[in-house]
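The values are calculated or read from the model by the stated rules, or taken from the named source; none is laboratory data. Predicted, not measured: the structure shown is a model, and the values here were computed from it. Here Cβ is always computed from backbone atoms with ideal geometry, including for glycine, and neighbour counts include all displayed protein chains. Ligands, DNA and RNA are stripped out before the accessible areas are found, and what is left, the full protein with its side chains, is counted by its heavy atoms. Shrake-Rupley method; radii C 1.70, N 1.55, O 1.52, S 1.80 Å.
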Amino acid sequence: MDLTLVIPLYNEAESLPELKAWIDASLKDFTYELIFVDDGSTDGSWDVIREMADQAGHDGKTVTPGPTGGLVHGIRFRRNYGKSAALFEGFAAAKGDIVITMDADLQDSPEEIPEMVRMIREDGYDLVSGWKKHRKDNALTKNLPSKLYNWTARKVTGIHLHDMNCGLKAYRAEVVKNIEVYGEMHRYIPYLAKNAGFSKIGEKPVHHQKRKFGVSKFGMDRFVHGFLDLMSLWFLSRFGGKPMHFFGSSGILMFLVGFVMTICIVAIKLIHQTHGLPYRAVTDQPIFYLALLTVVLGVMLFLAGFLGEMIARSSTERNHYQIKESI
């Protein structure tokens, strides 16, 4: 099978029939399957998915397109788990050589998919991310925060994408089978792919439409959560397997700073005392307690690194490596 389209959705019943028809009209030259992941919808989206599966002639076994386009599969969550969970299950079920992700709200155009597939097949990309160059969202609540978010993501990850969080992406199948999307890490799939060894990541400007039905399921808090997730992912990718390198070095530095401060305070007091100059008792000086606190924090950070190292060494993933090929 050429393609698998993984489409997470939450309360998008009105959009689904039009989206399915649009996809079928755009992908006539491919064999493909559509995996709709219903993330706990309450508006009848699952009934629409069932109907589309019946119309596509899906019998659970066929691997060729049905009479009305691609095969339709559905995965239904008992409750709302989030986009990352939906993508994780969709990736696990995908059978196509190339996997496409897109949103179900009709803001992503399926007409962009053939060119993205060509970039993977002919140009050798592992992942092609869409770039909503001309967004149709509100400039104050969506565009400006998105620009700031993407600028930060580029600086931290080293991946020069203009729209890291664009829902429309194309992947080689081996990419999605070798990454784990969890929490809210769907925003950083290109970074997850890079950390897994898939470094050829491209970008394609894509057409962006205004939402036709319903309302956005994401609020402004996604930018705060996104930044915190980015910091977590950066830290884990850099120090997850060697926590002592971060905590140990930080702890030693703080300990040395506090120790040197203490020695200086005591030495100054002894010099003044020896020469009959006015002096204050060491314990009367606030800086002494600051130095003591620095020493204690340094020791605690070092111990945190030591405990982190013990946990990392006992992890079942400690020798899990991405092997490209062997002979």
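So for S249, S109, what's the accessible-area order with a 1.4 Å probe, most first?
The residues order as S249, S109, largest area first.
Taking all protein chains as present, what is the carbon and sulfur share of the accessible area of the chain, in % to the nearest whole number, probe 1.4 Å?
Roughly 60 percent, rounded to a whole number.
Return the FRET efficiency for the residue pair T274, T152: r is the Cβ-Cβ distance, R0 is 41 Å, and the value is rounded to the nearest 0.05.
With a Förster radius of 41 Å, E is 0.15.
GNM, the chain, Cα, under 10 Å: largest mean-square fluctuation among V299, V224, V282?
Ranking V299, V224, V282 by mean-square fluctuation puts V282 first.
With unit charges on the beta carbon (Lys/Arg positive, Asp/Glu negative), name the residue among Q285, V206, H272 whose Cα is farthest towards the positive pole of the charge dipole of the chain.
Of the options given, the answer is H272.
Dipole size in debye (nearest 20) for the chain around its Cα centre, Lys and Arg Cβ +1, Asp and Glu Cβ -1?
1340
Provide the per-residue ³J(HN,Hα) series for region 160-176, in order, calculated from phi with Karplus coefficients 6.51, -1.76, 1.60 and θ = phi - 60°, each as a whole number of Hz, with x at glycine and proline positions.
Computed from phi, the couplings for region 160-176 are 8, 10, 7, 9, 4, 9, 4, x, 8, 9, 10, 9, 5, 4, 5, 5, 5 Hz.
Taking the dipole about the Cα centre of region 86-140, with the C-beta of Lys and Arg at +1 and of Asp and Glu at -1, give me whichever of G90, M119, Q107 is farthest to the positive side.
After comparing all options, I get Q107.
Give me the 1.4 Å probe accessible area per residue for the chain, excluding ligands and nucleic acids, in Å².
In whole numbers, the chain has 55 Å² accessible per residue.
Sequence-distant or interchain residues sharing an amide H contact under 5 Å with W131, placed H: which?
K204, V206
Let me check something: with ligands and nucleic acids excluded, how do C166, C264 order by accessible area (1.4 Å probe), largest to smallest?
These residues rank, largest area first, as C264, C166.
How far apart, in nm, are the 7 Å Cα→Cβ label points at S199 and E122?
Going from the S199 label point to the E122 one covers 2.6 nm.
Using the Cα centre as the reference, give the magnitude of the dipole from point charges on the C-beta atoms of region 120-199 (Lys, Arg: +1; Asp, Glu: -1; all else neutral), rounded to the nearest 20 debye.
In total the dipole reaches around 360 debye.
Keeping all protein chains in place and using 1.4 angstrom, which order do D123, D103, D38, D54 fall into by accessible surface area, from largest down?
Sorted descending by solvent-accessible area, the residues read D54, D123, D103, D38.
Each residue of region 14-25 in order: what ³J(HN,Hα) in whole Hz does its phi give by Karplus 6.51 cos²θ - 1.76 cosθ + 1.60, θ = phi - 60°, with x for Gly and Pro?
Karplus-based 3J(HN,Hα) across region 14-25 equals 5, 7, 4, x, 5, 5, 4, 5, 5, 5, 4, 6 Hz.
Need one value: the accessible area of T262 in square angstrom, 1.4 angstrom probe, rounded to the nearest 10.
Counting only protein heavy atoms, the figure is 40 Å².
What is the Å³ per residue value for the convex hull set by the Cα atoms of region 108-197?
So the per-residue hull volume is 109 Å³.
What does the convex hull of the alpha-carbon atoms of the chain project to on average, in nm²?
Its Cα hull, projected and averaged over all orientations, spans 23.8 nm².
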